[in-house]
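Here is the structure we will look at.
The values are calculated or read from the model by the stated rules, or taken from the named source; none is laboratory data. Since the structure is predicted, the reported quantities are computational estimates derived from the model, not experimental observations. Neighbour counts are summed over all protein chains in view; Cβ atoms, including those assigned to glycine, are modelled from backbone coordinates with ideal geometry.
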Amino acid sequence: MNRHTLIAGAIATLAALTFQQTAHAEPKYDKSLERGRYLLIVGGCNDCHTPGFAESGGKLEPKQWLTGSDVGFQGPWGVTYPSNLRTLAASLNEKEWLQRARTPMRPPMPSPSLMIMTVEDLKSVYRYIRHLGAAGNAAPEYVPPGQPVTTAVINFVPVKPL
């Protein structure tokens, strides 16, 4: 065997290995996106983070998902707003996303649900949101208890019947 044949064989082997790795990596990533989409749906993320989602019976297109809302949730903690997860995910790397997901948040965000998700599940959610791309505007900032609010709110204060 001459030197050119050896080099050609090495290049062909390297190309085959690269193709094999790419072919195996892509479906795994697709499965991660599918998993992230599924978790967002069953987790009810769109119910709060997508304006009009609940009212439409979940019929909004994914391009409208997770852009945050200016309707606040009012309770003893003050008023919180569902954040724009698409701009948030675009501003964080995966490690920062994982740290954020493991940090307790104000109600009604179900922080305990995020905290029991696996790292792979949280990565899948992050990847799906990043896949959607940044869109929309920032939600209003948190309003402490007793401060004036200028947006619509959903009152989360239990009221006893008369």
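Can you say whether P104 is outside any helix (DSSP H, G or I) and either at positive phi or surrounded by 13 or more Cβ atoms within 10 Å (Cβ to Cβ) (or both), as far as the supplied structure shows? Break it down into steps so the answer makes sense when it comes.
On the way: outside any helix (DSSP H, G or I): yes; either at positive phi or surrounded by 13 or more Cβ atoms within 10 Å (Cβ to Cβ) (or both): no.
No; evaluated as a whole, the condition is false for this residue.
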Counting only residues that are at pLDDT below 95 and either among the hydrophobic types (A, V, I, L, M, F, W, C) or surrounded by 12 or more Cβ atoms within 10 Å (Cβ to Cβ) (or both), region 42-57 contains a total of 1
If you take the residues of region 72-90 that are outside any loop (DSSP other than H, G, I, E, B) and within 12 Å of the chain's Cα centre (by Cα), which of them is nearest to I154 (Cα to Cα)?
L85
Taking region 58-69 and keeping only residues that are surrounded by 14 or more Cβ atoms within 10 Å (Cβ to Cβ) and under 23 Å from T80 (Cα atoms), one is left with Q64, W65, L66, T67, G68, S69
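Of the residues L114, L85, which is among the hydrophobic types (A, V, I, L, M, F, W, C), closer than 24 Å to L33 by Cβ and at pLDDT 95 or above? Reasoning before the result, please.
Working: L114 fails: at pLDDT 95 or above.
None of the others qualify; the one that does is L85.
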Pair list, Cβ under 6 Å, 6 or more apart: region 90-107 residue within 10 Å of Y126 (Cβ to Cβ), other residue in a helix (DSSP H, G or I) and at pLDDT 95 or above:
E94/Y126; W97/Y126; L98/L122; A101/L122
Sole miss for V149 among (1) on the phi > 0 side of the Ramachandran plot; (2) surrounded by fewer than 14 Cβ atoms within 10 Å (Cβ to Cβ) is condition (1)
Qualifying residues in region 107-146 (those that are outside any helix (DSSP H, G or I), aliphatic (A, V, I, L, M) and under 16 Å from the mean Cα position of the chain (by Cα)) - the one surrounded by the most Cβ atoms within 10 Å (Cβ to Cβ):
A139
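Can you tell me how many residues in region 55-68 are part of a loop (DSSP other than H, G, I, E, B) and out of contact with any Gly (no Cβ under 9 Å at 6 or more places or on another chain)?
Step one: of region 55-68, the residues part of a loop (DSSP other than H, G, I, E, B) are 55-61, 65-68.
Filter once more, so that each one left must be out of contact with any Gly (no Cβ under 9 Å at 6 or more places or on another chain): 55-59, 61, 65.
Matching residues across region 55-68 total 7.
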